[in-house]
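Worksheet for the structure shown next.
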Amino acid sequence: MTGIAIAPIDRGSAANAVEVRGIVKHYGATKALDGVDLTVREGTVLGLLGPNGAGKTTLVRVLSTLIKPDAGTAVVGGYDVLRQPKQLRRTIGLTGQYASVDELLSGYENLYLIGRLLDLSGKEAKARAAELLERFSLTEAAKRPAKTYSGGMRRRLDLAASMIGRPRVLYLDEPTTGLDPRTRNEVWDEVQRMVGEGSTVLLTTQYMEEAEQLAHELTVIDRGRVIANGGIEELKTQVGGRTLQVRPVLPAELPEMARCLHESGIGATFSLDTGLLSVPLTGEEQLTAVVGVLGTRGFGIAGIDTELPSLDEVFLAITGKSAAAGTAPTRTKEPVA
């Protein structure tokens, strides 16, 4: 334990399941974690985002007692990760980036064994194993050795194994990488079910859709440091870039509408293909000004929406790096009354 700064045990706020303060982890000259602070409220999902190599998995390994930090403190479920690792391990579940099931055992045997190791009775372990095999569509393969499973099936079994003890805190490290859309949705449903039953989840992901679907709050980490945190809508607002989209009654009037706005000092573009006039918003007063100009000039308006930046765009703006391949940007629409 030489060189590790240990503060007196703090069981944390009653409202927080995870509290991390100043965690540092070095690998030689590389600072994998460089003073990370993190809080996860009980009964919520915190999405931990960041480029490859940002330090996400290292932080998960510290919080699951797999590696020791060089400095800093962390309390999970009321237990200090350095001073009370045995107690802490009984309150957490972990699914890493790669499936870690025993390939010689059947799917059912894997889950039953873990249930018994977690002190479930034989009856409880059997029931819980059967329940999770059904939830993850593995019932038909339950008696087959895990080595005969496809990669996606192994991943689902690994996820089920991390959930069998109904952990108070569940770490999911990029849990749906490589899964098909149906299986991914099953994982999402199970995570939401567990959170509804009181579990807390720390989710690392590179899929923005997954973060938006599951996370209550986000923390963005890069080069071992936290560079942003907050609610999804809060981060979108901080990044800015809201756009007003106006759909005219007569699409042929789009060029004239744009010209009138320019004459009033309001920048606008239009697309005849989409039939929309787009105005970057700098404040709520500009929305009123746009509607006022167009109404005064007698243009008919069929609809108005505002668009927030997508989570992909927020990620790019914060980190300056590209998000995971295959995540097509989407935009969140807000109807305007």
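The values are calculated or read from the model by the stated rules, or taken from the named source; none is laboratory data. All values derive from a computational prediction rather than experimental measurement. Positions of Cβ are generated from backbone atoms using ideal geometry, with glycine treated the same way; all protein chains shown enter the neighbour counts. Heads up: the accessible areas ignore ligands, DNA and RNA and are worked out on the full protein's heavy atoms, side chains in. Shrake-Rupley method; radii C 1.70, N 1.55, O 1.52, S 1.80 Å.
When the stretch 17-46 is filtered for residues that are among the polar types (S, T, N, Q), open to solvent by 30 Å² or more (accessible area, probe 1.4 Å) and either more than 16 Å from Ala71 (Cβ to Cβ) or not in a strand (DSSP E or B) (or both), only Thr39 remains.
On inspection, Glu109 passes the criterion of being more than 16 Å from the chain's Cα centre (by Cα), in a helix (DSSP H, G or I) and either of a type in the set (Lys, Arg) or modelled with pLDDT of 95 or more (or both). Against the conditions (1) part of a helix (DSSP H, G or I); (2) open to solvent by 40 Å² or more (accessible area, probe 1.4 Å), where does Ser162 fall short? Just the number, please. Exception for Ser162: condition (2). From the list Leu172, Leu202, the one residue that fits, being touching a residue at least 60 places away in the same chain (Cβ under 8 Å), outside any loop (DSSP other than H, G, I, E, B), touching a Phe, Trp or Tyr at 6+ places or on another chain (Cβ under 6 Å) and surrounded by 22 or more Cβ atoms within 10 Å (Cβ to Cβ), is Leu202. Scanning the stretch 75-89 for residues that are under 24 Å from the mean Cα position of the chain (by Cα) and in a loop (DSSP other than H, G, I, E, B) turns up Gly77, Gly78, Val81. Whenever a residue of the stretch 242-255 is farther than 17 Å from Gly267 by Cβ, its partners that are open to solvent by less than 50 Å² (accessible area, probe 1.4 Å) and assigned to a helix (DSSP H, G or I), lying with C-beta atoms within less than 9 angstrom and at least six residues away or across chains, give the pairs Pro248/Leu254; Pro248/Met257; Pro248/Leu294.
Would you check which residues across the stretch 112-124 are at pLDDT below 95, buried (at least 20 other Cβ atoms within 10 Å of the Cβ) and touching a Lys or Arg at 6+ places or on another chain (Cβ under 8 Å) and list them? Answer for the stretch 112-124, where residues must be at pLDDT below 95, buried (at least 20 other Cβ atoms within 10 Å of the Cβ) and touching a Lys or Arg at 6+ places or on another chain (Cβ under 8 Å): just Gly115.
For the stretch 232-253, residues that are touching a helix residue (DSSP H, G or I) at 6+ places or on another chain (Cβ under 9 Å) and outside any strand (DSSP E or B) total 8. For the stretch 136-159, filtered to residues that are among the small types (Gly, Ala, Ser) and modelled with pLDDT of 90 or more, the residue that is surrounded by the most Cβ atoms within 10 Å (Cβ to Cβ) is Ala146.
Being open to solvent by less than 30 Å² (accessible area, probe 1.4 Å), closer than 24 Å to Leu63 by Cα and in contact with a strand residue (DSSP E or B) (Cβ under 7 Å, 6 or more places away or on another chain) is a property that Val220 has.
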